[in-house]
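**Student:** This is the structure, below, for whatever I ask next.
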Amino acid sequence: MGRIRCSRSWGVRQSLIVATLSGSALLGRARLRFSGSGVSLEVLNRRAEEVDVAIEIAGDAAIGPRSLLLDVDGSLHEIPGLFTVAAPVWSSSSGAGSHGIGSHLL
């Protein structure tokens, strides 16, 4: 099997991502899902060696990598670590003067 790539390799909890899987003729006829729980995949469009998918990440999905599982005529193929549920990145819009609670105290 050729190398399979995902146009978006990560996402955070409670998000919906549209991505393209590419690189193998198996994609055109395989049933696709991710390993583990909390990450679902829906096929939107299939082409010969590409599949457009919607990836939905639940709010309680475990942080970490997921394998893509391809079921082709009863034969299961695993592509390890193709997608990762990442921890959310929190940003502050309060400016450079904010360094945490109590940081301005002596």
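The values are calculated or read from the model by the stated rules, or taken from the named source; none is laboratory data. From a predicted model like this one, the values you see are computed outputs, not experimental measurements. Quick reminder, even Gly has a Cβ in these numbers, built from the backbone with ideal geometry, and neighbours come from all protein chains shown.
Conditions (1) among the charged types (D, E, K, R); (2) without any contact (Cβ under 8 Å) to a residue 60 or more places away in the chain; (3) under 28 Å from P88 (Cα atoms), marked per residue:
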| residue | (1), (2), (3) |
| --- | --- |
| W10 | no, no, yes |
| S22 | no, yes, yes |
| R31 | yes, yes, no |
| L41 | no, yes, yes |
| D52 | yes, yes, yes |
| I55 | no, yes, yes |
| A61 | no, yes, yes |
| L68 | no, no, yes |
| V72 | no, yes, no |
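**Student:** Also, quick follow-up: Which one is modelled with the highest pLDDT among residues in segment 10-39 that are among the basic types (K, R) and part of a loop (DSSP other than H, G, I, E, B)? Even if it seems obvious, please write down each step before you answer.
**Tutor:** First, the residues of segment 10-39 that are among the basic types (K, R): 13, 29, 31, 33.
Filter again for part of a loop (DSSP other than H, G, I, E, B), leaving 13, 29.
On the way: R13: 95, R29: 87.
Result: R13.
**Student:** Do we find that L106 is at pLDDT below 95 and either assigned to a loop (DSSP other than H, G, I, E, B) or of a type in the set (K, R) (or both) in this structure? Outline the logic, then answer.
**Tutor:** On the way: at pLDDT below 95: yes; either assigned to a loop (DSSP other than H, G, I, E, B) or of a type in the set (K, R) (or both): yes.
Judged against the criteria, L106 is a match.
**Student:** A further question follows. Anything in segment 40-59 that is in a loop (DSSP other than H, G, I, E, B) and over 17 Å from the mean Cα position of the chain (by Cα)? List them, or say none.
**Tutor:** If the condition is that a residue be in a loop (DSSP other than H, G, I, E, B) and over 17 Å from the mean Cα position of the chain (by Cα), then R47, A48, E49 are the ones that fit.
**Student:** For segment 1-41, enumerate the residues that are closer than 15 Å to L70 by Cβ and exposed (fewer than 15 other Cβ atoms within 10 Å of the Cβ).
**Tutor:** Hits for segment 1-41 are M1, G2, R3, A25, G28, R29, R31.
**Student:** Residues in segment 8-15: is at least one at negative phi, aliphatic (A, V, I, L, M) and out of contact with any helix residue (DSSP H, G or I) (no Cβ under 9 Å at 6 or more places or on another chain)? Can you show your working first?
**Tutor:** In the first step, residues of segment 8-15 are kept if they are at negative phi; the result is 8-13, 15.
From the residues that got through so far, the ones that are aliphatic (A, V, I, L, M) too are 12.
From what is left, the residues that are out of contact with any helix residue (DSSP H, G or I) (no Cβ under 9 Å at 6 or more places or on another chain) are 12.
Yes, the conditions are met somewhere in segment 8-15.
**Student:** Another question, if that's okay. Could you check segment 60-69 and list, in sequence order, the residues that are part of a loop (DSSP other than H, G, I, E, B) and either surrounded by fewer than 18 Cβ atoms within 10 Å (Cβ to Cβ) or hydroxyl-bearing (S, T, Y) (or both)? Let's see the steps before the verdict.
**Tutor:** So in segment 60-69, the residues part of a loop (DSSP other than H, G, I, E, B) come out as 60-63.
D60, A62, I63 - these are the residues of segment 60-69 that are part of a loop (DSSP other than H, G, I, E, B) and either surrounded by fewer than 18 Cβ atoms within 10 Å (Cβ to Cβ) or hydroxyl-bearing (S, T, Y) (or both).
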